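Working notes, beginning with the structure itself.
The values are calculated or read from the model by the stated rules, or taken from the named source; none is laboratory data. Since we're looking at a predicted model, the values are computed, not measured. Because the Cβ atoms are built from the backbone with ideal geometry, glycine has one as well, and the counts that use them run over all protein chains shown. Quick note on the areas: whole protein, heavy atoms, side chains included, nothing else; ligands and nucleic acids left out. Shrake-Rupley method; radii C 1.70, N 1.55, O 1.52, S 1.80 Å.
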Amino acid sequence: MKVLNQLGWQHYLSKQGNQTDYTRLGRVRRVDRGEVDVLTEEGDLRVISDSQRTAVGLAPATGDWVEVVNDPDVGFRIETILPRYSAIIRRDPAEEEKKQVLVSNIDFVGVTCSVDRPANIAKIERFLILAQDSGAKSLLLLTKVDQGLSKEWDQLLQQMKDVKTIQTSVYANEGIDQVRELISSDRSLVLLGESGGGKSTLVNELVGEMVQETTEVRSRDSKGRHTTIARELILLPTGGVLIDTPGIRGIGLWDAKQALDQVFSEISEFASHCRFSDCTHQVEPDCAVRAAIQEGAIDQQRLARYLRLTEELDEQEERLIRQRRKSK
Ligand SMILES: Nc1nc2c(ncn2[C@@H]2O[C@H](COP(=O)(O)OP(=O)(O)OP(=O)(O)O)[C@@H](O)[C@H]2O)c(=O)[nH]1
Ligand SMILES: [Mg+2]
């Protein structure tokens with residue numbers, strides 16, 4: 001069980017309770033169309049899989065714990081996907097109103113932002129909602145802090161002081177041990193963020209060798225070049241699991257109302273004192289949120305961002321209901 005335990009099997013059991021015996025257990029390292037790399041005690045297995053073939057009718061995701069069986073037709077195939085204790089779920093960008101599991105069984109979501117790019121609080125809040133919704137702990141991972149923090153970044157950090165933040169620089173060897181420490185006891189951390197943010201560079205630094213390809217950002221605007229093209233699970237020699245992901249610009253949220261209220265907890269707390277439970281905080285009488293704005297207890301711009309996200313999630317819910325009705 002050496003490899004499986006390094007991949008977090010004991011930790012998985014502690015989260016999910018005792019499991020029955022499985023023929024051949026493994027953890028999904030990478031998913032390509034119809035084929036999956038699974039890390040097992042016997043090494044890295046190339047396994048055929050699609051949602052039709054698994055017993056539960058699910059498509060496997062990077063990070064999944066799976067049971068692999070022999071199949072006379074295809075060699076190996078995934079028989080079972082074990083229940084996920086956490087998962088990052090976004091709105092499938094390719095299809096209308098469908099969700100997509102990006103990664104699973106993660107303990108930490110590192111929202112990775114490089115400080116050589118403009119500080120964009122709305123974008124970070126969106127990523128934090130996604131992270132919160134996953135069931136894992138979220139943190140803000142700032143990269144390239146050797147470049148210095150602009151006034152905007154300082155202000156952003158001030159506004160986000162309740163969010164756990166690690167400031168890192170691979171070049172100046174800053175914050176790397178903090179990240180290592182976070183996952184040292186077989187925990188899993190996924191790095192999410194824009195292309196060129198330094199995710200793969202951080203992975204290489206933590207592993208101690210070049211396992212992931214990296215590319216310089218565009219000098220004009222520090223934009224990345226979409227170097228990483230697949231979600232990939234990487235075992236650290238010092239313990240712990242990292243999942244590197246391709247850079248994403250924006251992300252569609254999926255059914256994340258509760259996570260929205262948690263990330264904007266100061267607003268949802270006041271909202272629970274409004275006279276009307278469906279108060280939009282715009283025109284209704286006895287609105288506790290507007291009163292809090294008057295008193296300076298809620299930031300006006302943050303409320304505007306909260307309302308935009310609420311509207312987006314409401315619209316998504318309505319589209320989903322319409323789609324379900326149509327398909328009946
Ligand atoms: N100054 C500085 N540059 C860094 C640091 N870490 C990474 N970089 C540079 O940032 C560039 C992009 O890094 P990558 O690791 O490829 O970024 P990524 O987030 O994996 O990008 P995608 O795979 O496209 O999503 C590379 O040229 C790195 O050398 C750092 O700590 N300081
Ligand atoms: Mg990369």
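Which residue, of GLY26, GLY43, is outside the structural domain of GLY224 (by TED's automatic domain parsing), farther than 18 Å from THR245 by Cα and free of Cβ contacts under 8 Å to residues at least 24 places away in the same chain?
GLY43
Do you know which of the residues in the range 174-199 that are of a type outside the set (S, T, N, Q) and assigned to a loop (DSSP other than H, G, I, E, B) is most open to solvent (accessible area, probe 1.4 Å)?
ARG187
I need the full set of residues from the range 278-311 which are open to solvent by less than 60 Å² (accessible area, probe 1.4 Å) and among the charged types (D, E, K, R), in order please.
Correct list: GLU284, ARG302, ARG305.
Filter the range 214-234 down to the residues that are at positive phi and within 14 Å of ligand 2 (Cβ to nearest atom) and list them by number.
Hit for the range 214-234 is HIS226, nothing else.
Would you mind stating whether SER219 is within 16 Å of ligand 1 (Cβ to nearest atom), without any contact (Cβ under 8 Å) to a residue 40 or more places away in the chain and of a type in the set (Gly, Ala, Ser)?
yes
What's the total number of residues in the range 104-151 that are over 30 Å from ASP64 (Cβ atoms), among the small types (Gly, Ala, Ser), in contact with a Leu (Cβ under 7 Å, 6 or more places away or on another chain) and within 16 Å of ligand 1 (Cβ to nearest atom)?
Looking only at that region, the number is 0.
Pick from the range 222-241 the residues that are within 12 Å of ligand 1 (Cβ to nearest atom) and hydrophobic (A, V, I, L, M, F, W, C): which of them is surrounded by the most Cβ atoms within 10 Å (Cβ to Cβ)?
The qualifying residue surrounded by the most Cβ atoms within 10 Å (Cβ to Cβ) is ALA230.
Pick from the range 210-234 the residues that are among the acidic types (Asp, Glu) and at pLDDT below 95: which of them is farthest from ASP107 (Cα to Cα)?
Filtering first and then ranking leaves ASP221.
Have a look at THR165, THR143 and point out the one that is polar (S, T, N, Q) and within 16 Å of ligand 2 (Cβ to nearest atom).
Matching residue, one of THR165, THR143: THR143.
If you check every pair at least six apart or on different chains, which have Cβ atoms under 6 Å apart with a residue in the range 155-173 that is in the same structural domain as VAL145 (by TED's automatic domain parsing) and open to solvent by 50 Å² or more (accessible area, probe 1.4 Å) first and a residue that is away from ligand 2 (no atom under 16 Å from the Cβ) and not in a loop (DSSP other than H, G, I, E, B) second?
Filtered contacts from the range 155-173: LYS164/LEU139; GLN167/LEU142; GLN167/VAL145; TYR171/ASP146; ALA172/ASP146.
Quickly run through the range 235-260 and pick out the residues that are of a type in the set (Asp, Glu) and either at pLDDT 95 or above or within 16 Å of ligand 2 (Cβ to nearest atom) (or both).
ASP244, the sole residue that qualifies.
Where in the range 1-116 are there strands (runs of 3 or more DSSP E), lying wholly inside it, with at least 1 residues that are farther than 30 Å from ILE176 by Cα and open to solvent by 10 Å² or more (accessible area, probe 1.4 Å)?
25-32, 35-40, 43-48, 65-71, 75-81, 87-91, 99-104
One residue is enough: does the range 200-213 have a residue meeting the conditions outside any loop (DSSP other than H, G, I, E, B), within 15 Å of ligand 2 (Cβ to nearest atom) and of a type in the set (Ser, Thr, Tyr)?
Yes, the range 200-213 has at least one match.
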